[in-house]
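Right, one structure below, let's go through it.
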Amino acid sequence: MSAYCDSAPGHPLHGPYHDTEYGVPQTDETVLFERLCLEIFQAGLSWELILKRRAGLGEALAGFDVDTLAGWGEADVERLVTDPRLIRNRRKIAALLENARRVQALRLSHGHFAGWIRAHHPLPLADWVRLFRRTFLFTGPEVVNEFLMSLGVLPGAHRDDCPVARHLATLPSPWET
Ligand SMILES: [Zn+2]
């Protein structure tokens, strides 16, 4: 990922993401769920395309509100696959709605989405992938690795000498118990 620290700064889409979001720990459920959805949408596509479409995705998907999306059903999948703001992939859209229901279940078992991550941290990537596959849909190794790196759960988002990495190193991590 070190190349991202070279190519992203100054880019209209990648720059702000690199400087203010990538590798930054987040505990807000909507932010976590948005990130998971974006990583799933990204599978097989470019991250730049996802950043370009991000605002439209948020509009079409109720601002990534877990409770709203958990209540959407088959008719909504049919509506969303024809929505030009979406990534038109039925499997991804259906996974997203089911994953919203799975996040609701994590509230019961672990208090909230971030609590579930914290309860299992630290794990090697392979164990995270097994855990995500038991818990969510459409979460293969690349999605899980990028999701967790982007939240500072797994290391490697930034090169050690990147100014963002140096700043993040001074902050307490919400993943340490
Ligand atoms: Zn960086």
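The values are calculated or read from the model by the stated rules, or taken from the named source; none is laboratory data. Keep in mind the model is a prediction, meaning the values are calculated, not measured. Cβ sites come from the backbone with ideal geometry, for glycine too, and all protein chains shown count toward neighbours. Each accessible area value is taken on the protein alone, full model and side chains, heavy atoms only, with ligands, DNA and RNA left out. Shrake-Rupley method; radii C 1.70, N 1.55, O 1.52, S 1.80 Å.
In table form, for the structure just shown:
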{"item": "Leu96 being away from the ligand (no atom under 16 Å from the Cβ), in contact with a Cys (Cβ under 6 Å, 6 or more places away or on another chain) and hydrophobic (A, V, I, L, M, F, W, C)", "result": "yes"}
{"item": "Qualifying residue in segment 12-24 (condition: more than 27 Å from Pro174 (Cα to Cα) and either touching a residue at least 60 places away in the same chain (Cβ under 8 Å) or surrounded by fewer than 14 Cβ atoms within 10 Å (Cβ to Cβ) (or both))", "result": "yes"}
{"item": "Glu146 vs. criteria of a type outside the set (A, V, I, L, M, F, W, C) and under 17 Å from Phe41 (Cα atoms)", "result": "yes"}
{"item": "Helices (runs of 4 or more DSSP H) fully within segment 91-152 counting 2 or more residues that are of a type in the set (S, T, N, Q)", "result": "141-150"}
{"item": "Residue that is modelled with the lowest pLDDT [pool: residues in segment 73-90 that are of a type in the set (A, V, I, L, M) and in a loop (DSSP other than H, G, I, E, B)]", "result": "Ile87"}
{"item": "Residue ID - nearest to the ligand (Cβ to nearest atom), chosen from residues in segment 161-177 that are part of a loop (DSSP other than H, G, I, E, B) and of a type in the set (D, E, K, R)", "result": "Asp161"}
{"item": "Count of segment 102-119 residues which are among the β-branched types (Val, Ile, Thr) and over 19 Å from Trp72 (Cα atoms)", "result": "1"}
{"item": "Flag for Val103 being aliphatic (A, V, I, L, M), closer than 25 Å to Ala157 by Cα and free of Cβ contacts under 8 Å to residues at least 24 places away in the same chain", "result": "no"}
{"item": "Filter pass, Asp127 being open to solvent by 40 Å² or more (accessible area, probe 1.4 Å), farther than 24 Å from Thr20 by Cα and of a type in the set (Asp, Glu)", "result": "yes"}
